[in-house]
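Encoded as structure tokens, the structure appears first; notes follow it.
The values are calculated or read from the model by the stated rules, or taken from the named source; none is laboratory data. Fair warning: this is a prediction, and the values are worked out from it, not measured in the lab. FYI the Cβ positions are ideal-geometry reconstructions off the backbone, even for glycines, and counts take in every protein chain you see. Calculation scope for accessible area: heavy atoms of the full protein, side chains included, ligands and nucleic acids excluded. Shrake-Rupley method; radii C 1.70, N 1.55, O 1.52, S 1.80 Å.
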Amino acid sequence: MDKTENVNQTKPYVIVLNSTILFMLAYVFVYIFPLFASEYMATSSGIEIRFSNYIIEYLTPNDSPLWTKDNIINIFAVGPAITFFFGFFFWYIAYGLRTTAGLFKLFFTWAYVVSFQLTFGGLIAGIATLDGLLFVFNWSGLSPALALILGIISAFVLFFMGRAARSSFMRAAYSRDWLILPKAQIIFKLRTIYLPYFIGSVLLFLVGFPARTPYVFIQAASLLILFFPTMAYFNSDTIRISKRKDAQQIAIGFIILFVFFFSILTFYVKL
């Protein structure tokens, strides 16, 4: 690695801290909209709900006539539909920013990664725990075998999205020096992807976001499927990186945004 470039002169903890904040911000930001949409669908259908640790608990008895086929599909399908849309929308933005430098590119990368995790990881978790989107399949008349096939397809989708995410994360580098050698890539991925995911997940877990349920754990663990292809070496000659020699600073603005969105969410669910 060429020392004259000083590899952005950025201390390792700054890189880890920034990516951790961006991961948590993306998670909270993407999580809010499906939650509110499901709440709206439920309340507009007369279904009584309450929030418990950032998830919706349905108080209307299962044998209530309010639980019609249309209501069940609308309530439990609107969230995955939104995150599915978010996934491609944020991927499109991240791809459009591929030749620019800065943390916005990394934020939108985390945003589409989290969106696909909540969509396809949620489907896998639903099949494993008989929860979530599985209700939609059951009430749509789909067989359990077809639901299982969709779960397997979801795992493959996460894997192939990991291949796209590898390129997106690589483009978030401030200098090609981080990507030339395999050892340099390992260090870069550790500081930009794996440590931020682990630290961010632990921090969110400690504050109870979201609820500590088997469904949530399996959904969170599904991101490991997406991360697996990012471990492979990536030829940096195939991507364009806007070199930045100035030191990367702690992303104060993104920290403020995270505190803002998380405070709004916490205040809302505790009303």
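Ordering ILE225, ILE72 by accessible surface, largest first, gives ILE225, ILE72; the 1.4 Å probe counts only protein heavy atoms, with every chain in place. Ligands, DNA and RNA aside, THR100 has an accessible area near 60 Å² when probed at 1.4 Å. Between PHE104 and ILE187, the modelled labels are 3.0 nm apart [label points 7 Å from Cα along Cα→Cβ].
Close amide-amide hydrogen proximity is noted between SER52 and GLU57, each under 5 Å apart and 5 or more residues distant or on a separate chain (H modeled in the peptide plane; Pro and chain starts excluded). Among the protein heavy atoms, those of GLU57 account for about 60 Å² of accessible surface (1.4 Å probe, every chain in place).
Annotation for PHE267 and PHE89: the two label points, set 7 Å from Cα along the Cα-Cβ direction, are 2.4 nm apart. For the pair ASN62 and LEU148, a Förster radius of 30 Å applied to the C-beta separation gives a FRET efficiency near 0.80, rounded to the nearest 0.05. If R0 is 35 Å, the Cβ-Cβ spacing of TYR233 and PHE260 corresponds to a FRET efficiency of close to 0.35.
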